[in-house]
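Quick notes on the structure that follows.
The values are calculated or read from the model by the stated rules, or taken from the named source; none is laboratory data. Just so it is clear, the model here is predicted, and its values are computed rather than measured. Note that each Cβ is placed from the backbone with ideal geometry, even for glycine, and that neighbours are counted across all protein chains shown.
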Ligand SMILES: [Zn+2]
């Protein structure tokens with residue numbers, strides 16, 4: 001996916017790309033969840049180039065944490081990170 005580089009709002013990890021298990025060939029859309037591959041924390045794509053990701057609201061985070069595919073991704077990231 002081509003989109004502007006951005007950094008994790010939690011750990012500062014830099015990203016230049018993203019992938020979605022459901023739509024691997026599509027750019028992320030506004031409101032899509034982003035999971036940092038380094039720290040496993042959640043963010044939300046805004047669809048804006050200037051401010052590419054934001055922190056989820058409490059309601060959004062609660063909803064994400066009920067989504068099994070998101071939970072599996074978080075567990076996968078957190079189990080493979082080196083520290
Ligand atoms: Zn991170």
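Quick test for you: out of 28, 56, pick the one residue that is surrounded by 13 or more Cβ atoms within 10 Å (Cβ to Cβ), assigned to a loop (DSSP other than H, G, I, E, B), at negative phi and at pLDDT 95 or above.
Values: 28 fails: at pLDDT 95 or above.
Going through 28, 56 in turn, the sole match is 56.
Could you please let me know if residue 40 is modelled with pLDDT of 90 or more, part of a loop (DSSP other than H, G, I, E, B), within 11 Å of the chain's Cα centre (by Cα) and more than 15 Å from the ligand (Cβ to nearest atom)? Outline the logic, then answer.
Numbers: modelled with pLDDT of 90 or more: yes; part of a loop (DSSP other than H, G, I, E, B): yes; within 11 Å of the chain's Cα centre (by Cα): yes; more than 15 Å from the ligand (Cβ to nearest atom): no.
When the stated conditions are applied, residue 40 does not pass them.
Is there a residue in the range 67-82 that is modelled with pLDDT under 90 and buried (at least 17 other Cβ atoms within 10 Å of the Cβ)?
Checked the range 67-82: no residue is modelled with pLDDT under 90 and buried (at least 17 other Cβ atoms within 10 Å of the Cβ).
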